[in-house]
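So the structure is just underneath, and the comments pick up after that.
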Amino acid sequence: MGEVRSFHLNEQGLQRVLGGLEAAVMEVLWKHGPQTIAEVQKALLPQRLAFNTVMTVLSRLVAKGLVTRCQPGGRRSVYGAALSREAFVEGLTHDVVVGLVRDFGDYAVAQFVAALEREDPGRIAELEALLRRKREGS
């Protein structure tokens, strides 16, 4: 997965790990596929972002390994997401959960289960079934 260094508890969705513009640009690339800077800029309307702002955000995402330059060179470079949205979210949640369990152990697990009970009680049965399958080795 690309490089994500921070997690902001006060944000929502991808903005917990990416800046607002970074998250918006990633959503454009996931929805529309590889794009030029001008195409990303247009897709972000009505935000009226400067071309150079979009170029800077894309450069930062390239540096983080989240975006690749598909056709480098010239004024018409095409940028695409390095991972699908699903692969990014899977890798991100893996890293967050492993970090929490490693750093906080039983507390993290207990809070995860408590959050499931509060937010989506039906998921507890799914978790129990998953644990049973893991114990049985399948």
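Every number in this text was worked out from the coordinates using simple rules, so none of it is lab data. All figures in this text were calculated on a predicted structure; none of them were measured in a lab. Cβ atoms come from the backbone with ideal geometry, glycine included; neighbour counts cover every protein chain shown.
General remarks:
- Helix 122-136 vs. the chain, principal-axis angle (Cα, 0 to 90°, nearest 10): 70
- Fully extending the segment from K42 to D106, taken as 0.36 nm per residue of separation minus the present Cα-Cα distance, adds 18.3 nm.
- Amide H contacts for Y79 (H built 1.01 Å from N in the peptide plane; partners 5 or more residues away or on another chain; cut-off under 5 Å): Q35, T36, C70.
- Sorted on the mean count of surrounding Cβ atoms within 10 Å across their residues, most packed first, peptides 103-113, 82-92 read 82-92, 103-113.
- Taking each DSSP H run with n ≥ 4 as -39500 (n - 2.57) and averaging over every residue of the chain yields -20000 deg cm²/dmol at 222 nm.
- Three-way shape label, region 86-137, alpha-carbon gyration tensor, a/c 1.5: rounded
- Using a Förster distance of 30 Å, the FRET efficiency for E136-R85 (Cβ separation, nearest 0.05): 0.40
- Within straight-line cross-link reach of K31, lysines at Cα separation under 18 Å, skipping those fewer than 8 residues along the same chain: K42
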